[in-house]
Every structure is written in C-alpha cells, then in structure tokens.
Amino acid sequence: MRIIVTKENFPEIAEKLNSIKSGVIAIDTETKGLKWADEMFSLQLAVQGDDSYYFNFQEYPLEPEAPVLDTEMLKALHTLWANSKIRWVAANFKFDLRRIDIVGIHLNGELYDVL
C-alpha cells in the first residue's frame with residue numbers, strides 16, 4: 001500500500017522506519033530540475049515486504065489540501081539512514097544521492113544501482 005506521509009502520521013511512520021533492522025529499501029527522488037544543485041520536491045521509499053511511503057515537499061496551487069512536509073523532518077529518520085544492514089536500491093543512484101545530500105542525509109549500508 002502507498003502511504004502519503006503527513007505531519008500528523010509522520011511520528012508513527014518515523015518510528016516504524018527507524019525500527020527496520022535489515023532488508024531492502026528502494027529510494028527515489030523527484031526534483032525541480034536536472035542541474036546538480038536542484039533540490040528534490042518529493043521522496044519515495046518502498047520497503048521490502050511492506051508499504052511504500054511518499055514524502056511531498058512542494059505546494060501545489062491546484063491542490064491546496066495536499067500535505068506538504070519540511071525536508072528537515074527527514075533528519076528524524078537518522079536511525080534508518082545510518083543502518084548498515086539496509087540494502088538501498090535506486091535507478092541512477094548518483095542523482096538521488098545528490099538530492100538527499102543537499103538536505104543533509106547520508107545513507108549507510110549497501111548501495112545498489114539498478115542501471
């Protein structure tokens with residue numbers, strides 16, 4: 001199931017994600033452009049055998065009710081990011097690593113680029 005992360009459900013989701021001991025997590029970012037310094041406007045995580053999570057960081061004028069998070073909230077997932085027993089999977093991983101690096105996130109564990 002795809003879960004849209006909101007300010008209200010974030011604490012519960014953060015606790016769940018930070019409690020992952022090992023496994024595979026797919027990660028993807030969407031950005032405001034393709035330049036090296038362009039920031040992401042969303043992040044998606046798909047956890048092996050579990051749900052996928054959508055984090056939105058951009059307001060949409062045509063959807064004023066869309067939940068918008070602050071990228072600073074991602075730092076609360078520090079236990080997940082630091083877990084060396086996670087295998088992170090992405091397509092064009094170098095691009096996604098740059099996006100999350102901009103907001104101060106550094107992944108530990110094995111990095112696997114499907115490309």
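The values are calculated or read from the model by the stated rules, or taken from the named source; none is laboratory data. Quick caveat: nothing in here was measured; it's all calculated off a predicted structure. Positions of Cβ are backbone-derived with ideal geometry, glycine not excepted, and every protein chain shown enters the neighbour counts. All accessible areas refer to the heavy atoms of the entire protein, side chains included, with ligands and DNA or RNA removed. Shrake-Rupley method; radii C 1.70, N 1.55, O 1.52, S 1.80 Å.
Between the residues T6, A46, M73, the greatest Cα displacement towards the positive end of the dipole of the chain, with unit charges on the Cβ of Lys, Arg, Asp and Glu, is found for A46. The count of lysine pairs in the chain whose Cα atoms are under 19 Å apart, excluding pairs fewer than 8 places apart on the same chain, comes to 9. Each residue of the chain gets 106 Å³ once the volume of the Cα convex hull is shared out per residue.
Quantify, in whole percent, the carbon and sulfur part of the accessible surface of the chain (1.4 Å probe; protein heavy atoms only).
53 percent
Note on R2: accessible area approximately 150 square angstrom, rounded to 10, probe 1.4 Å, nucleic acids and ligands left out. Assuming charge only on the beta carbon of Lys and Arg (+1) and of Asp and Glu (-1), the dipole of the chain about its Cα centre is about 460 debye to the nearest 20.
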